[in-house]
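Scroll down for the structure; my scribbles are underneath it.
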Amino acid sequence: MPRLETIGLLDDYKRHLSDTLLPFWWNDKALDHELGGVFTCFSNDGKNRTSTDKYVWSQGRFVWVLARLADAVRRGMLEGDADAYLAHAAKTVGFLRRHAVMDNGNCAYLLTREGDKKEVYPGKGYDISLFVDCFLAMGFAEYGRVSGDAGTIAEALRLFDRLEKRIASGDLRSEPYTLPDAFKSHSIPMIMLNVAQAVHEALQASGHPRSGELSSRRVAYANEILTTFFQPDDTVAEVLRADGSRDEDWVVSRHLNPGHTLEDMWFVLHEAEKERNPVWIDRVSRAIKRAYAIGWDETFGGLLHYVDCEGGPPRGADRGTAFDANVLNTWDSKLWWAHSEALYTTLLAYRLTGDDDFAALYEKTHEYVFRTFPNPDASVGEWIQIRDRDGQPLDKVVALPVKDPYHIIRNVLLIIERLSAEA
């Protein structure tokens, strides 16, 4: 008999969402009621707002969060005001449509509060990361699906089509962590799988004629992950040469990102569940266990940010790029997003397989997460998102100088949806 006790877990997650997470974001400090969007530039402890600039990456994600919250309320899984969530999502979509989407069809990376474009790196332009476009596509798709707005669904599909054309042409800008042309990144099929899933769900809900095509794209991206980046030792490589081999001398090619693997594996598990593919479920199950075996910090608990492909701290030559510096300087950090992803991934794997190993992984993750990340100051709430190796707060920037609302709320919502369906 599987040993993970989920009775009471649903109520715990609902309470954490309503009492700890949402109060930080659904208030006048974070919401731009006038122009749309969300303010995300806060100190790691959440006490101080440091800027009103709007990183478009986070704005698109917040649209997804608001739409998904509205959907959960409408379906009776949560209490709340679905109309209010959708109204602010609509205002944010309008703001992004007017200011973030550029004349060339790409999306700007950073805007002022009013919507003026800003260069993060002088002279490099505004559209410096295709991941921004990915998150706008996902946010637009989810808002369109929940609201029934066919025009916004069409915009999400246009963004998806443009992303595929850019990737096919080699336009893979992802400042500041760029790769030479001779290398390819797991992050591309990973994010495109998630985008294809969101856009497909919107097309399917609206009866769009291209729904079947997007379903096929989902499967293709999942298959690319499990063939190109899945390694014989059950790890998922992050950076490979164009021919699929690893550069054994370079730290960027040797490094693994356990949290990234765990996040992507639930994307693939969703596909495996839809396609009823036991081979994929088995392969993903092995990858999840391997990510924990190589990434869990047995000394202090929690998932290390980066590890070497053979275990331990990252090794290999430092070639002086921002990517090298990030791997070498932050490898022993404990980050919020990876641990929220791990909660959902292990719980999902357990529910799909009944394997007690996943129950044990979920339980030790749950114990570490709720001991480490939630802000001890209940008047502030949310999580202190960036921790050092032994779990102490760090005041530093990871990826963007923001306190992003996406990963924690997304995974708590997914857990609530999964447990509600089984209740």
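The values are calculated or read from the model by the stated rules, or taken from the named source; none is laboratory data. What you see is a predicted model; the values in this text were computed from it and never measured. Note that each Cβ is placed from the backbone with ideal geometry, even for glycine, and that neighbours are counted across all protein chains shown. In case anyone asks, the SASA skips ligands and DNA or RNA and just uses the protein heavy atoms, side chains included. Shrake-Rupley method; radii C 1.70, N 1.55, O 1.52, S 1.80 Å.
Hey, if we sort E422, E201 by accessible area with the 1.4 Å probe, largest down, what's the order?
Of E422, E201, the descending order of accessible area is E422, E201.
Take the alpha carbon atoms of the stretch 42-106, find their center, do the same for the stretch 181-237, and report the distance between the two centers in whole angstrom.
Value for the Cα centre distance between the two parts: 24 Å.
Give me the percent relative contact order of the chain, please, defined on Cα pairs under 8 angstrom at least 6 residues apart.
Worked out over the chain, it gives 18 percent.
Based on DSSP, what percent of beta bridges with both residues in the chain are antiparallel, to the nearest 5?
Percentage antiparallel, nearest 5: 95.
Just the number, please: carbon plus sulfur as a percent of the accessible area of the stretch 1-78, 1.4 Å probe, no ligands or DNA/RNA counted.
Carbon and sulfur atoms account for 47 percent of the accessible area of the stretch 1-78.
If you place +1 on the Cβ of every Lys and Arg, -1 on the Cβ of every Asp and Glu, and leave all else neutral, what size is the dipole of the stretch 316-423 about its Cα centre, to the nearest 20 Debye?
Roughly 200 debye, rounded to the nearest 20.
What length, rounded to one decimal in nm, is gained on full extension from R98 through to D181, with 0.36 nm per residue of separation minus their alpha-carbon distance?
Extra length from R98 to D181 when fully extended: 26.6 nm.
Which of the three applies to the chain, rounded, prolate or oblate, going by the alpha-carbon gyration tensor with a ≥ b ≥ c and a/c under 1.5 meaning rounded?
It comes out rounded by the Cα gyration axes.
Cross-link list K118/K403; K29/K274; K14/K403; K165/K289: which exceed 29 angstrom alpha carbon to alpha carbon?
Beyond 29 Å between Cα atoms: K29/K274; K165/K289.
Among G115, H407, A338, flag the residue with its Cα farthest along the positive direction of the charge dipole of the chain, charges on Cβ as +1 for Lys/Arg and -1 for Asp/Glu.
The listed residue farthest towards the positive side: G115.
Quick check on the stretch 356-419: what are the equivalent-ellipsoid semi-axes from the Cα gyration tensor, as sqrt(5λ), descending, whole Å?
22, 16, 12
With +1 assigned to the C-beta of every Lys and Arg and -1 to the C-beta of every Asp and Glu, and no other charges, what is the dipole magnitude of the stretch 289-364 about the Cα centre in debye, to the nearest 20?
Here the size comes out at about 160 debye.
Translational D (Stokes-Einstein, µm²/s) of the stretch 42-133 at 10 °C and 1.306 mPa s when Rh comes from the Kirkwood sum over C-alpha pairs?
109
A317's amide H: which non-local residues (gap 5+, or another chain) put their own amide H closer than 5 Å, with H modeled 1.01 Å from N in plane and none for Pro or chain starts?
Residues meeting the criterion, in which the H sits 1.01 Å from N, are W250, V251.
Run the numbers for A220 and I167: contour at 0.36 nm per residue of separation, minus the present Cα-Cα distance, in nm.
Extra length from A220 to I167 when fully extended: 17.6 nm.
With +1 on each Lys and Arg Cβ and -1 on each Asp and Glu Cβ, and nothing else charged, work out how big the dipole of the chain is about its Cα centre, in Debye to the nearest 20.
Here the chain has a charge dipole of around 740 debye.
Given L419, T353, L96, which one lies farthest toward the positive end of the charge dipole of the chain, if we put +1 on the Cβ of every Lys and Arg and -1 on the Cβ of every Asp and Glu?
Among L419, T353, L96, the one farthest towards the positive end of the dipole of the chain is L96.
State in Å² the accessible area per residue of the chain; use a 1.4 Å probe, count heavy atoms of protein chains only, and round to the nearest integer.
38
State the percentage of accessible surface on the stretch 353-423 attributable to carbon and sulfur atoms; use a 1.4 Å probe and exclude ligands, DNA and RNA.
The nonpolar share, carbon plus sulfur, comes to 50 percent.
Between Rg and the Kirkwood Rh of the stretch 243-382, both from Cα atoms, what is the Rg to Rh ratio?
Computed over Cα atoms, the ratio is 1.01.
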